[in-house]
1. Looking at L176, L126, which one is more than 23 Å from V198 (Cα to Cα), buried (at least 16 other Cβ atoms within 10 Å of the Cβ) and within 27 Å of the chain's Cα centre (by Cα)?
2. If you check V173, V136, which single one turns out to be under 14 Å from T220 (Cβ atoms) and hydrophobic (A, V, I, L, M, F, W, C)?
3. Look at region 108-122 and say how many of its residues are loosely packed, with under 13 Cβ neighbours inside 10 Å and either away from the ligand (no atom under 11 Å from the Cβ) or under 11 Å from D182 (Cβ atoms) (or both).
4. For the structure I just gave you, tell me whether D105 is more than 16 Å from the ligand (Cβ to nearest atom) and among the acidic types (D, E).
5. Going residue by residue through region 127-147, is there one that turns out to be modelled with pLDDT of 95 or more, more than 16 Å from the ligand (Cβ to nearest atom) and not hydrophobic (A, V, I, L, M, F, W, C)?
6. State the number of residues belonging to region 284-321 that are acidic (D, E) and modelled with pLDDT of 95 or more.
Amino acid sequence: MSSRNDSSEIGTIATGNASGSTPYIGRFAPSPTGPLHFGSLLAAVASFLEARHRGGQWLLRVEDIDPPREQPGATDDILRVLENYGFEWDGPISYQSTSQDAHVDAIQSLKDAGKAYPCGCSRRDLAAVPRGPLGVIYPGTCRNGCVASDFALRVLTDDIPVGFDDQLQGSQVQRLESESGDFIILRRDGLIAYQLAVVVDDNLQGITHVLRGVDLMDSTPRQVWLQQLLGYSTPEYCHIPVAINERGQKLSKSHGAKGVAIDQAETNLVSALEMLGQRPPRDLRSAPLSEVWQWAQEHWDVNVLVGQTEISTETSPMAEAENGLS
Ligand SMILES: [Zn+2]
């Protein structure tokens with residue numbers, strides 16, 4: 001990501017819908033690829049508290065559109081933890097798999113507008129192509145046609161700057177054509193790509209504010225691009241720092257982060273608050289759950305995290321010991 005430095009090209013920079021009178025509809029959107037680990041708990045706590053702090057709604061959406069990556073029972077496990085930890089979401093839980101018609105419609109409208117095209121390139125075809133921080137920079141090989149019978153769909157990109165002003169991380173800009181190239185919206189295996197699904201679902205649910213881990217920030221310009229092509233409004237974005245273990249790795253399933261213990265809600269929530277830069281009193285760990293949430297709601301301030309991209313689990317030794325983070 002680079003910072004915006006050319007105000008003459010401001011036309012494609014999403015300004016979001018910041019306004020004191022704008023309603024706040026936030027969300028937490030876990031993928032059922034494993035249990036809820038501490039890194040996801042941080043995003044859940046922060047997005048919930050920020051929504052409440054702004055007098056808004058907090059929706060819960062299960063992003064279950066990638067069956068090969070899903071783990072049996074993970075959805076139930078995640079929901080049980082959230083419930084046990086006292087999270088209160090507004091309205092029914094939504095499941096991304098139920099909005100596939102809307103995903104397909106969005107893809108069709110991009111095709112109809114001449115903004116999407118089939119790509120038959122295999123992994124091997126792209127092996128020698130230059131890579132950037134976002135992965136392979138697709139060189140546009142199939143822009144002028146593709147004879148393969150087995151293909152993915154890509155969306156056309158441009159090289160104008162696309163970006164947004166992040167509440168915590170400031171101005172973020174990418175030139176998609178040179179930084180990612182035309183990216184996939186429908187996978188070769190027929191599954192909807194994450195970037196497309198998340199944009200369609202945020203729009204369907206009227207999400208006005210997206211608060212999530214900074215590890216997802218570099219995909220946000222691609223989402224803003226899709227919002228612009230589809231005529232959607234762009235939500236406000238707030239990317240919070242991600243938790244890293246003592247080896248400097250992001251807490252994630254691939255690095256072996258375990259699920260948070262279902263029966264240690266108070267302790268884990270207080271650890272999460274500490275890691276999120278809040279300063280809960282020491283004795284809050286032994287307080288009832290309702291008091292933990294009451295303190296959190298009264299004192300929540302996300303802006304203490306301005307400019308921060310990593311939170312060491314060492315900030316909270318208890319989190320490390322009790323969640324198998326080390
Ligand atoms: Zn191709």
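1. Numbers: L176 fails: more than 23 Å from V198 (Cα to Cα).
None of the other options fit; the residue is L126.
2. Details: V136 fails: under 14 Å from T220 (Cβ atoms).
So the residue among V173, V136 that is under 14 Å from T220 (Cβ atoms) and hydrophobic (A, V, I, L, M, F, W, C) is V173.
3. First, the residues of region 108-122 that are loosely packed, with under 13 Cβ neighbours inside 10 Å: 108, 112-114, 122.
Keeping just the survivors that are either away from the ligand (no atom under 11 Å from the Cβ) or under 11 Å from D182 (Cβ atoms) (or both) gives 108, 112-114.
Number satisfying all stated conditions: 4.
4. Working: more than 16 Å from the ligand (Cβ to nearest atom): yes; among the acidic types (D, E): yes.
Here the answer is yes, as D105 does meet what is asked.
5. The answer is no; no qualifying residue exists.
6. 3
Residues checked against (1) under 21 Å from Y95 (Cα atoms); (2) among the hydrophobic types (A, V, I, L, M, F, W, C):
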| residue | (1), (2) |
| --- | --- |
| L191 | yes, yes |
| Y194 | yes, no |
| I207 | yes, yes |
| L230 | no, yes |
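Yes or no, residue by residue, for (1) under 27 Å from Q174 (Cβ atoms); (2) at pLDDT 95 or above; (3) polar (S, T, N, Q); (4) surrounded by 19 or more Cβ atoms within 10 Å (Cβ to Cβ):
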{"site": "T15", "(1), (2), (3), (4)": "yes, no, yes, no"}
{"site": "P35", "(1), (2), (3), (4)": "no, no, no, yes"}
{"site": "S47", "(1), (2), (3), (4)": "yes, yes, yes, yes"}
{"site": "R54", "(1), (2), (3), (4)": "no, yes, no, no"}
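The values are calculated or read from the model by the stated rules, or taken from the named source; none is laboratory data. All of these numbers come straight from a predicted model, not from anything done at the bench. So basically every Cβ, Gly included, is an ideal-geometry build from the backbone, and we count neighbours across all protein chains shown.
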